[in-house]
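Engineer: Okay, here's the structure, questions in a sec.
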């Protein structure tokens, strides 16, 4: 009997092969347990508001006014909303072609893209062209659109860091391309060695792969490292030599928890390098409203900026963007607000700064608390979270545990994380979801649980880890609490 | 309403073919329209029809990874009418009008090319926006001062929705299928509409209906040997999506003479034809009410379609985004789900994906990007794959999700907002019906123009029986006759419509698509200008 169209066997293989662990097995199990009444702490995804972080007041005020413009006609509106929020709502509504309910330009509202360009110029000191900035429904959509242009078939390879945020592996899989891994050095604080890059490329080429693009995630996810300027220069030079387009995932640029390596954009470094690099290297930079201190994941707002992409290619990318019609307008307004927040002297400025600083300083403290907590466990080694929102400790698993995992039909870190979940309710993502060196195991958690709850969560983890190690370990039979 | 772009330049396609990038069974038509250009380009690029001189130097250095000849050829191949030449010209005219009013026989550009109701003055439904504002800035719920500003049921609904969101966090990623409580509301709404139950676990919420269509194409298409049956004329999301995913579009022609009827014999013929060429046909896409054609299928027709899919093992992709837009008393919308269930067909009989959106109907909330697909009749392992695909993008935007639940569960009799809601809804729908009628009558009065009535949706798709002289003039300008007509129309009247080639049509026939969306008070002027233009066009080109 011939297969029906939606029989499992007749599905697109690329779909079946793609994996996205962030919402994979662990998350599904955690959701099941939650339904059964167990208290779950979801640290599987960078979703700050889900763990109690409050939205910033000012943008919510502005967008609420844009949702219901009739409010602006009410004579008492000034008693409920500050004047600058009212002014800003009017400003953004005037930039739209019919309010939040009308499709905008497929690339995003021109006025907002101009504000993004101005932000980039202030940040980097180099001009930015709004025509080369496209707003998208989240940065992920932008990444998918660009990879769709770059990947022609299985012979096209994309250099991706290992460990990586699995949007990249999943999308490459869905598009039928080939992921070319380059390993970050855990012992060097997840540093990037250009020799590793060269080796990866050489190996791929020997297998007939055309390496087309290189992804960097800076600050890193799950690893959190912030690239140094020297590193960025090396990478850009490498991309120039090898004719690769650089995809700079910079969504965590506002999440920096140390002062030695502040964020520098790939674009700035590229422009600083001058000709020929600044005119030759093709670069696409991604940003979002989901991270930083905004954490507005649910809005689905992002953008990408193109550098040195030929006009005809830009047209094709525009064409593909137009199939999505337009990014959602509310998120475009969030993006405008993010790149042009309240200024000193604005009525809402003090509150805005207070809220933002509060969040960032707390994130910095939590990054430290978590790193230290993990490092206090004998079988755990954890690099400091220099940036982003995650902690990625290495868990040294004894051979008995690995064997038990095998018996259970699970990859060792999945086995560990499932046990952790069942014992403590802490829902993490096993390192295998991000890629890691053979025989080395990690888990990814976020630094997002509320500060007051951190000590208890770390204690809970340590208790579980002790028990796990005494069950499966050789010499860890004592309590370390 | 969705946008669309005039097709890819013939010369660009020719160039890519010469470079032998990729051999596809090429069902995409070749347009005679000059190069599509981004609006920032100088106008001279629009008018030239040769391309090689247009290519910038950096495009020809093929060692760079992202040049035109090295990007994914499926991207090059796909065509999607959004902003073609006509809209570019319109935008330039609009700019020029600001300073040069006297140079033109019209005062303003009227965009009838794009189904974007709120950009043409349609107002959003108050109740929906009240709820969205309250959910955006929840402090509004706490202030006693605001109880005068918001209706009591909008406050109640906002509380209800917020309580369905973990932590009331509207800024958090939700479940990848959408917030459970909202899916429950949608499932209830589907049941109330159809009289048959719906399972919230069958619902996948998306940023508009379009991403859902893409997901299904991704799932169903592995290679160009996979075909999807699509209506001609069609809304070009389908052709573009199929091309992007490397599949084959298998056309079935709607019959203009019988009000754009869907004949099962035509479906069968095209299916057999495709199969004889080694294509595995996987799905049938039906747009009901139709776009651009506006027909509402009869229940009998729908039953035949259901049986056809069941017999042939095809997935039925039911694009039902215009389900609230029906303007004629002799037709009614019936969902394919309802039809299938009333035939006694269940999960084991038919794989059906039904799409709905917040962009259409009487709410017209295009910019919010809200929608969902209801997927029934497939096994749990396939459902897992759909879930997995949805999860890579994490979730659709929350505000859009909330709106999707609201349109499927609007105010009921007795609710505080019901009276004003119903007045707004009926006002919009009856106005749309009047505009559909007025424009259709006006078009049918034009010499050589026949126009089927718009039974539903938001468009009119008149057929132009162009005189030979006009066709020759078009050819001399190296452009399709319908594009030639539309350009002339724009320059004479400021009215922007889209040539039929953007939607495909029976070869040798010419159409254009015009929306019924300009505000009612503008319609008489539009009719007058269109009539005057057509008269003079025919005077110039009459055989």
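The values are calculated or read from the model by the stated rules, or taken from the named source; none is laboratory data. Remember, predicted model here, so these are calculated numbers, not experimental data. FYI the Cβ positions are ideal-geometry reconstructions off the backbone, even for glycines, and counts take in every protein chain you see.
Engineer: Has the stretch A:457-471 got any residue that is touching a helix residue (DSSP H, G or I) at 6+ places or on another chain (Cβ under 6 Å) and over 23 Å from residue A:34 (Cβ atoms)?
Structural biologist: no
Engineer: Suppose we filter the stretch A:370-392 for residues that are touching a helix residue (DSSP H, G or I) at 6+ places or on another chain (Cβ under 6 Å), closer than 12 Å to residue A:447 by Cβ and buried (at least 19 other Cβ atoms within 10 Å of the Cβ); how many remain?
Structural biologist: Of the residues in the stretch A:370-392, 4 are touching a helix residue (DSSP H, G or I) at 6+ places or on another chain (Cβ under 6 Å), closer than 12 Å to residue A:447 by Cβ and buried (at least 19 other Cβ atoms within 10 Å of the Cβ).
Engineer: Go through the residues of the stretch B:440-455 one by one and say whether even a single one is crowded, with 23+ Cβ neighbours inside 10 Å, in contact with a strand residue (DSSP E or B) (Cβ under 8 Å, 6 or more places away or on another chain), part of a helix (DSSP H, G or I) and within 14 Å of chain A (Cβ to nearest Cβ).
Structural biologist: Checked the stretch B:440-455: no residue is crowded, with 23+ Cβ neighbours inside 10 Å, in contact with a strand residue (DSSP E or B) (Cβ under 8 Å, 6 or more places away or on another chain), part of a helix (DSSP H, G or I) and within 14 Å of chain A (Cβ to nearest Cβ).
Engineer: Additional query: Residues of the stretch A:153-169 being buried (at least 21 other Cβ atoms within 10 Å of the Cβ) and within 9 Å of another protein chain (Cβ to nearest Cβ), which ones?
Structural biologist: Result: A:156, A:166, A:167.
Engineer: So which residues in the stretch A:22-44 are touching a residue at least 60 places away in the same chain (Cβ under 8 Å), under 19 Å from residue A:170 (Cβ atoms) and surrounded by 22 or more Cβ atoms within 10 Å (Cβ to Cβ)? Even if it seems obvious, please write down each step before you answer.
Structural biologist: So the first thing to find is which residues in the stretch A:22-44 are touching a residue at least 60 places away in the same chain (Cβ under 8 Å), and the list is A:22, A:24-27, A:29-30, A:33, A:38-44.
After this cut, where a residue has to be under 19 Å from residue A:170 (Cβ atoms) as well, the list is A:22, A:24-27, A:44.
Those that are touching a residue at least 60 places away in the same chain (Cβ under 8 Å), under 19 Å from residue A:170 (Cβ atoms) and surrounded by 22 or more Cβ atoms within 10 Å (Cβ to Cβ): A:22, A:26, A:27, A:44.
Engineer: What residue, among those in the stretch A:299-328 that are part of a loop (DSSP other than H, G, I, E, B) and free of Cβ contacts under 8 Å to residues at least 40 places away in the same chain, is surrounded by the most Cβ atoms within 10 Å (Cβ to Cβ)?
Structural biologist: Start the filter on the stretch A:299-328 by keeping residues that are part of a loop (DSSP other than H, G, I, E, B), which leaves A:300-301, A:308-310, A:324-328.
When the remaining residues are screened for being free of Cβ contacts under 8 Å to residues at least 40 places away in the same chain, the result is A:308, A:310.
Working: A:308: 19, A:310: 22.
So the residue we want is A:310.
Engineer: Out of all the residues in the stretch B:132-155, is one or more under 34 Å from the mean Cα position of the chain (by Cα), more than 30 Å from residue B:462 (Cα to Cα), free of Cβ contacts under 8 Å to residues at least 40 places away in the same chain and more than 10 Å from every other protein chain (Cβ to nearest Cβ)? Spell out how you get there, then give the answer.
Structural biologist: Looking only at the stretch B:132-155, we keep the residues that are under 34 Å from the mean Cα position of the chain (by Cα), and these are B:132-138, B:150-151, B:153-155.
Among the residues that remain, those that are also more than 30 Å from residue B:462 (Cα to Cα) are: B:132-138, B:150-151, B:153-155.
After this cut, where a residue has to be free of Cβ contacts under 8 Å to residues at least 40 places away in the same chain as well, the list is B:133-134, B:137-138, B:150, B:155.
Cutting the leftovers down to more than 10 Å from every other protein chain (Cβ to nearest Cβ) gives us B:155.
Within the stretch B:132-155, one or more residues are under 34 Å from the mean Cα position of the chain (by Cα), more than 30 Å from residue B:462 (Cα to Cα), free of Cβ contacts under 8 Å to residues at least 40 places away in the same chain and more than 10 Å from every other protein chain (Cβ to nearest Cβ).
Engineer: Going by what's in this entry, would residue B:182 be described as touching a helix residue (DSSP H, G or I) at 6+ places or on another chain (Cβ under 6 Å) and modelled with pLDDT under 95? Spell out how you get there, then give the answer.
Structural biologist: Working: touching a helix residue (DSSP H, G or I) at 6+ places or on another chain (Cβ under 6 Å): yes; modelled with pLDDT under 95: no.
Here the answer is no, as residue B:182 does not meet what is asked.
Engineer: Out of the residues in the stretch A:245-265 that are outside any loop (DSSP other than H, G, I, E, B) and touching a helix residue (DSSP H, G or I) at 6+ places or on another chain (Cβ under 6 Å), state the one that is nearest to residue A:288 (Cα to Cα).
Structural biologist: Step by step, filter the stretch A:245-265, then rank; the result is A:248.
Engineer: Take residues that are at pLDDT below 95 and under 25 Å from the mean Cα position of the chain (by Cα) and tell me which of the helices (runs of 4 or more DSSP H) falling wholly in the stretch A:69-185 contain 3 or more. Steps first, answer last, please.
Structural biologist: On the way: elements: A:77-80, A:83-95, A:110-124, A:139-150, A:167-174.
Because the criterion is at least 3 residues that are at pLDDT below 95 and under 25 Å from the mean Cα position of the chain (by Cα), the helices (runs of 4 or more DSSP H) in the stretch A:69-185 that meet it are A:139-150, A:167-174.
Engineer: If you don't mind, another one. From A:405, A:331, grab the single residue that is modelled with pLDDT of 95 or more, within 9 Å of another protein chain (Cβ to nearest Cβ) and in a helix (DSSP H, G or I). Steps first, please.
Structural biologist: Details: A:405 fails: within 9 Å of another protein chain (Cβ to nearest Cβ).
Selected residue: A:331, the only one of A:405, A:331 that is modelled with pLDDT of 95 or more, within 9 Å of another protein chain (Cβ to nearest Cβ) and in a helix (DSSP H, G or I).
Residues are listed down the side, and each one gets a yes or a no for (1) within 14 Å of chain A (Cβ to nearest Cβ); (2) more than 28 Å from residue A:71 (Cα to Cα); (3) in a helix (DSSP H, G or I):
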{"site": "B:115", "(1), (2), (3)": "yes, no, no"}
{"site": "B:158", "(1), (2), (3)": "yes, no, yes"}
{"site": "B:170", "(1), (2), (3)": "yes, no, no"}
{"site": "B:174", "(1), (2), (3)": "yes, yes, no"}
{"site": "B:177", "(1), (2), (3)": "yes, yes, no"}
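Engineer: Next up: Among the numbered criteria (1) facing another protein chain (nearest Cβ under 10 Å); (2) over 30 Å from residue B:437 (Cβ atoms), which one does residue B:346 miss?
Structural biologist: Answer for residue B:346: the failing condition is (1).
Engineer: Consider residue A:266 carefully, then state whether it is more than 15 Å from the chain's Cα centre (by Cα), at pLDDT 95 or above and crowded, with 23+ Cβ neighbours inside 10 Å. Outline the logic, then answer.
Structural biologist: Values: more than 15 Å from the chain's Cα centre (by Cα): yes; at pLDDT 95 or above: yes; crowded, with 23+ Cβ neighbours inside 10 Å: yes.
Yes, satisfied.
Engineer: Hey, can you tell me all the residues within the stretch B:193-211 that are more than 12 Å from chain A (Cβ to nearest Cβ) and either without any contact (Cβ under 8 Å) to a residue 12 or more places away in the chain or within 22 Å of residue B:388 (Cα to Cα) (or both)?
Structural biologist: B:197, B:198, B:199, B:200, B:201, B:202, B:203, B:204, listed by residue number.
Residue-by-condition table, conditions (1) surrounded by fewer than 24 Cβ atoms within 10 Å (Cβ to Cβ); (2) within 10 Å of another protein chain (Cβ to nearest Cβ); (3) over 30 Å from residue A:165 (Cβ atoms):
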| position | (1), (2), (3) |
| --- | --- |
| B:319 | no, no, yes |
| B:324 | yes, no, yes |
| B:330 | yes, no, yes |
| B:356 | no, no, yes |
| B:365 | no, yes, yes |
| B:371 | no, no, no |
| B:389 | yes, yes, no |
| B:409 | yes, no, yes |
